[in-house]
Structure formats: C-alpha cells, structure tokens
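Worksheet: one structure, shown below.
The values are calculated or read from the model by the stated rules, or taken from the named source; none is laboratory data. Treat the numbers as computed from the prediction; the structure is a model and nothing was measured. As a convention, Cβ positions derive from the backbone with ideal geometry for all residues, glycine included, and neighbour counts pool all protein chains shown. Please note that ligands, DNA and RNA were not included when accessible areas were found on the heavy atoms of the full protein model with its side chains. Shrake-Rupley method; radii C 1.70, N 1.55, O 1.52, S 1.80 Å.
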Amino acid sequence: MLTDEQKLWEVWGQANGLYSSWAASKNINYYLLFVLYALDGQEAMTQKKICICTGLTKQTVNSVVRSLKEDGYVELAPGLEDRREKQIILTEKGIAYSRGLLTPLRELEHRVYQIMGNSRMQQMVDNITLFNTVLEKEMEKDM
C-alpha cells in the first residue's frame, strides 16, 4: 500500500506525464511547452521569472529561449530595473505560434475545470499553494 507521500509523487508524476504526452503529440518539447505557457499573455518576462513559474532550471530555460530567439519567436530587451537582466518578449510570430499550440490545450483544460467545478479547482490550487509554501520553508531549514 502506498503512503500519502508516495501517492502525492505518483499523481504529481502522472500530471507531468500527461502534459509531456500532450507536448509529444504536438511534436514539441515538454520544456518548450512550459516556457511558452509562461510567456503567453505576458508583456515580458525575465528568465528568472520563467524559472520560478515553471520550476525549470536556468540552463533549460536559457536553452529554450535561445531556440525561440533563433526561430524568431521571441526577442530580448534590457530589463526595466536591471539592464543586464533581459526581458523575454514574444514577437508577433511567437504569439501566433504560442496561441496555435496553447489554445487547444487551454480548451482541454477548460473542459476539465468545468467537469471538476470551481470549488474543487480552487481547493486544488489552495492545497498545492500551501504544500509549496510549507515545503519551501522546510527546505530552507535544511539548507
């Protein structure tokens, strides 16, 4: 029988696996999906903010952003507060690419939200937020 901790890892892994499978079905990289998801609808984001939003490493985000830049999907601009920190901005081509990929995923997610209901979705967000907050605080004690 699985412990609660093992069950959490299992369901967390299943969710990641589902998004990975969805990305593979669209012939895109899982990491690309998450970076585009973070950038979509934003005016600009730094690499650091993308890392925080996605949980991806700086090296992974850098690699994805570099590829997106080479393909003309993003441009880099100096940071507003720190000019050394680059703002990553979707180009018009990038917005079209991102929306073309993400619209079907967001429609799928919306159907899931409708099935689950607002209350369950809010509980899920609240519980994961609490878990992340407590985990972060406990990790700080160990570091």
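Observations, loosely collected:
- Test result for TYR113, in a helix (DSSP H, G or I), over 20 Å from SER25 (Cβ atoms) and among the aromatic types (Phe, Trp, Tyr): yes
- Selected residue [closer than 25 Å to THR129 by Cβ, open to solvent by 30 Å² or more (accessible area, probe 1.4 Å) and not β-branched (Val, Ile, Thr)] from ALA96, ALA15: ALA15
- Inside segment 106-130, residues that are surrounded by 10 or more Cβ atoms within 10 Å (Cβ to Cβ) and of a type in the set (Gly, Ala, Ser) make up a count of 1.
- Checking each residue in segment 48-72 for being over 15 Å from TYR31 (Cα atoms) and in contact with a Gly (Cβ under 8 Å, 6 or more places away or on another chain) picks out only GLY72.
- Among the conditions (1) farther than 22 Å from GLY13 by Cβ; (2) of a type in the set (A, V, I, L, M, F, W, C); (3) open to solvent by less than 90 Å² (accessible area, probe 1.4 Å), the only one that CYS53 does not satisfy is (1).
- Among the candidates GLU70, GLU43, GLU136, GLU81, residue that is at pLDDT 95 or above and open to solvent by 80 Å² or more (accessible area, probe 1.4 Å): GLU70
- Subset tally (residues that are part of a loop (DSSP other than H, G, I, E, B) and touching a helix residue (DSSP H, G or I) at 6+ places or on another chain (Cβ under 8 Å)) for segment 77-98: 1
- Residue within segment 18-29 that is under 11 Å from the mean Cα position of the chain (by Cα), surrounded by fewer than 17 Cβ atoms within 10 Å (Cβ to Cβ) and assigned to a helix (DSSP H, G or I) present: yes
- Cross-chain or 6+ apart pairs with Cβ under 9 Å, segment 70-94 first and closer than 18 Å to CYS53 by Cβ and acidic (Asp, Glu), then part of a strand (DSSP E or B) and open to solvent by less than 70 Å² (accessible area, probe 1.4 Å): GLU85/THR46; GLU85/PRO78
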